[in-house]
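What follows is a set of notes on a single structure, which appears directly below.
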Amino acid sequence: MKAKFLHTNINVLDTERSVAFYERALGLKVMRRKEGKGFVLVFLGDGATEYQLELTCLADRKTPYELGDNESHIAFEVADFDAAHKLHSDMECICYENTNMGIYFIEDPDGYWIEIIPPAS
């Protein structure tokens with residue numbers, strides 16, 4: 001399952017745990033990694049450079065980008081909505097569904113909600 005999105009950043013507690021989650025839940029792969037003093041950045045994408053998810057793990061938590069200071073809302077458009085819903089049901093990470101709108105939200109390992117939507121018609 002491929003997800004379509006623009007660049008965004010999510011702050012995480014455990015980089016490898018979050019990488020494994022997003023690889024499985026959204027079909028992404030690690031595109032590059034950058035480590036510096038007190039932080040680790042991991043960029044995941046679907047192979048197109050314009051689509052990437054940046055996971056930031058901060059060792060000191062003493063910057064404006066503290067855990068929880070993430071993007072206000074992220075929506076992922078999935079090509080096969082039914083297959084995505086089944087995968088996320090199996091992963092037990094669905095935290096909210098709106099069947100009237102045909103959307104649902106999954107929760108990442110740090111408790112951040114991500115909206116899953118079908119392809120635009």
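The values are calculated or read from the model by the stated rules, or taken from the named source; none is laboratory data. This is a predicted model, so every value here is computed, not measured. Positions of Cβ are generated from backbone atoms using ideal geometry, with glycine treated the same way; all protein chains shown enter the neighbour counts.
Residues in segment 11-53 that are within 18 Å of residue 117 (Cβ to Cβ) and modelled with pLDDT under 85: 46, 51, 53. Counting only residues that are more than 14 Å from the chain's Cα centre (by Cα) and in contact (Cβ under 8 Å) with a residue 24 or more places away in the chain, which one in segment 70-102 is nearest to residue 17 (Cα to Cα)? In this case the residue turns out to be 91. Summed over segment 75-121, the residues that are loosely packed, with under 12 Cβ neighbours inside 10 Å and among the aromatic types (Phe, Trp, Tyr) give a count of 1.
Considering the conditions (1) at pLDDT below 85; (2) crowded, with 16+ Cβ neighbours inside 10 Å; (3) closer than 16 Å to residue 78 by Cα, residue 6 is excluded by exactly one of them, (2).
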